[in-house]
Structures are given as C-alpha cells and as structure tokens.
Amino acid sequence: MLVVVAGFQDALTRIEEWVAEHRLPIRVACHEMFNDSHRAFSPTSRYFESEAEKATTRDLFYRVGTHIDKNQPLGYGDLQALLVFETSVPNNTLAAIWGTSSGSFKWEPLFPRI
C-alpha cells in the first residue's frame, strides 16, 4: 500500500494509472484529497470573497514569487497549493510562502523550506 498524506485528485489518478500500467500489486490511499477549489487562485477557489480580491492577491503572490522562482512563482506545476507540514513545505505551495530572495528585493517567508 502507498499512503499519501495529502494530494490533488488529478495527481492521485495519474499515480493509480501508473501503478495499474506496471501491474504493481499496490493500492493507493490518500488521507486528505484536494480538488481544484483548493488551488489558491483557481476559478473555483474557496479562499476569496470576490474576484477582485482574488486577482489582487494572485498578482501580489505572482510578483513576489518571480523573485523566488521565476519559473514556478505559484508553486511547482502552477498547483497554487496552500500546504505546510510541521517539518517542511512542498514545492507546489506558493513560492512566497516558503521561499527567500535577496538582492534588490528581499523576502523572508513565513515557513522556510528545510
């Protein structure tokens, strides 16, 4: 059995397909399942009261994120996750939450990655 603490439904589907394709005797179990509404700025995001608030916040996180990781400012794969574990932060979480930057734009994260 492969136990996943938390994951997006589409990623878990891909894992299950890969396991089946390779005919592995593994069952995949996920404790906390995420969908599109869990992505910070998706059209169905559950975190904002208005589209204007969401757009303003997305712009801020995108601008800060480009100073941290210019290729993935909204998290690896543009997943826009809002997930922090006790010991680390996944790279698909918004870069401004876990990343640092230096130079002319200095940024200290709330939850630095270890």
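Every read-out reported here was derived from the displayed coordinates using simple, explicitly stated rules and does not represent laboratory data. All values reported here derive from a predicted model rather than from experimental measurement. Please note: Cβ atoms are built from the backbone with ideal geometry, for glycine as well, and neighbour counts cover all protein chains shown.
A few comments on the model shown:
- Per-pair calculated FRET efficiency, R0 = 30 Å: T100 and L24 via Cβ, rounded to 0.05: 0.20
- Applying a DSSP loop filter and a limit of 15 other Cβ atoms within 10 Å to the GluC sites (Glu not before Pro) in the stretch 1-58 leaves E49.
- At full extension, V3 and A55 could sit 15.2 nm farther apart than now, given 0.36 nm per residue minus the alpha carbon distance.
- Computed E for T44/R14 - FRET, C-beta separation, R0 25 angstrom, nearest 0.05: 0.75
- Taking the chain as a Gaussian network of alpha-carbon nodes connected by springs under 10 Å, the highest mean-square fluctuation of the residues R23, R58, R14 belongs to R23.
- Couplings 3J(HN,Hα) for the stretch 3-13, derived from phi with the Karplus relation 6.51 cos²θ - 1.76 cosθ + 1.60 (θ = phi - 60°), are 9, 10, 5, 8, x, 7, 3, 5, 5, 5, 4 Hz, where x marks Gly and Pro.
- Distance distribution P(r), the stretch 42-114, all Cα-Cα pairs, bin width 10 angstrom from 0: 21, 51, 26, 2 percent.
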